[in-house]
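To keep things clear, I will list the structure first and then write my remarks on it.
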Amino acid sequence: MRTPIKDLRFKSKALPVLMSIIPPESKVETFLFFSGDIEVNLAEANRHVTSHTTELPVYDFWLTLMDDADMLVEHIKHLHPIPSQDVANVFQKTLNKQKNPYTRAALFFLLNRCSELGTISSGDYDEARYNPLALSYIKRFKQQNFDITWDKEFIASLEKEIDADFIFIPAGKFTYSFMQDGLNTGDDTTRFDHDELSRTLSNIRVPTLVLYSYHPALLNIYSLFKTKILIDKYGKVTDDKSAAKEILIANF
């Protein structure tokens, strides 16, 4: 199933590898939810998925989509095109202040589809990036084996008792923690410390898979984890670090 939200910061080919590890009928709790590209397709493939986000605009959009997709489409059609970059900038800053949930969700969608990076609260807006075909992804979306929940904090939510067969975390691109200082990630990206995540996962009893874009520093950060699967640009498992585009790390 095609998700209506794009995430140009982290485009994964790891779904087949994940499905080879996570059996059908498994109960899966996922974290750092945004575009839903992997999570929605896991659910469609008969895995029971509950996705967590700490970002209210993300939570808000998906709740609205699941509540009434046709109403959401009508609001998108009404708001598109946003008149100018200046108006788009205002919406980027005031999205959460919009009182109508369908207006908030429609703006979330438009800012995502028309942003250069797929971000909501930042990025240059260009209506030429809008593709009406994306509306069909909203209309065709079916809430099948899928739910979403909001957490106040990411790492703290992992430390709670989790009733699941697997945990999955699409962690995205690795960035040294000190490089995140002063970085404006907006209301659509959760900042976290990778060393802290590694320490937390080492104490979790539920089988956990964390997926990154490949970076050699991750081999050191997760040095205590025996399972590290390298994935190439075609979504195939590889032993060649120079060909690796993603890395899947497991605590089991």
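The values are calculated or read from the model by the stated rules, or taken from the named source; none is laboratory data. Here the structure is a predicted model, which is why all the values come from computation and not from measurement. Methodologically, a virtual Cβ is constructed for each residue, glycine included, from the backbone with ideal geometry; neighbour enumeration extends over all protein chains shown. When the accessible area is computed, the model is the full protein with side chains, heavy atoms only, and any ligands, DNA or RNA have been set aside. Shrake-Rupley method; radii C 1.70, N 1.55, O 1.52, S 1.80 Å.
The table for this structure:
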{"quantity": "Dipole magnitude of region 32-83 about its Cα centre (Cβ charges: Lys, Arg +1; Asp, Glu -1), debye to nearest 20", "calculated": "100"}
{"quantity": "Ellipsoid semi-axes in whole angstrom, largest first, where each is sqrt(5λ) of the Cα gyration tensor of region 72-148", "calculated": "21, 14, 12"}
{"quantity": "Percent RCO, i.e. relative contact order, over region 131-252, from Cα pairs under 8 Å lying at least 6 residues apart", "calculated": "24"}
{"quantity": "Neighbour-limited loop hits for trypsin sites (Lys or Arg not before Pro), region 49-115 (at most 13 other Cβ within 10 Å; DSSP other than H, G, I, E, B)", "calculated": "Lys99"}
{"quantity": "Nitroxide proxy distance, nm - points 7 Å out along Cα→Cβ at Ala128 and Asp70", "calculated": "3.6"}
{"quantity": "Distance (nanometres) between label positions extended 7 Å along Cα→Cβ at Lys152 and Arg205", "calculated": "2.5"}
{"quantity": "Estimated vicinal HN-Hα couplings, Hz - region 94-109 in sequence order (Karplus 6.51, -1.76, 1.60; Gly, Pro = x)", "calculated": "10, 3, 5, 8, 5, 6, 7, x, 6, 5, 4, 5, 5, 5, 4, 4"}
{"quantity": "Candidate residues Glu39, Glu127: accessible-area rank, largest first, probe 1.4 Å", "calculated": "Glu127, Glu39"}
{"quantity": "Taking region 96-155 and dividing mean pair separation by its residue count, relative contact order in percent (alpha carbons under 8 Å, at least six apart)", "calculated": "18"}
{"quantity": "Surface share of carbon and sulfur [accessible, 1.4 angstrom probe, percent] for the chain", "calculated": "49"}
{"quantity": "Stokes-Einstein translational diffusion, region 1-135 - Kirkwood Rh over all Cα pairs, 0.692 mPa s, 37 °C, in µm²/s", "calculated": "209"}
{"quantity": "Rounded Å value of the spacing that divides the Cα centres of region 1-69 and region 94-167", "calculated": "11"}
{"quantity": "Highest average packing first - 152-160, 47-55, Cβ atoms within 10 Å", "calculated": "47-55, 152-160"}
{"quantity": "Lys11/Lys99 FRET efficiency (R0 41 Å; Cβ-Cβ; nearest 0.05)", "calculated": "0.75"}
{"quantity": "Share of Cα-Cα pairs in the chain lying beyond 28 Å, as whole percent", "calculated": "33"}
{"quantity": "Long-range Cα-Cα pairs in region 94-209 (distance over 18 Å), rounded percent", "calculated": "66"}
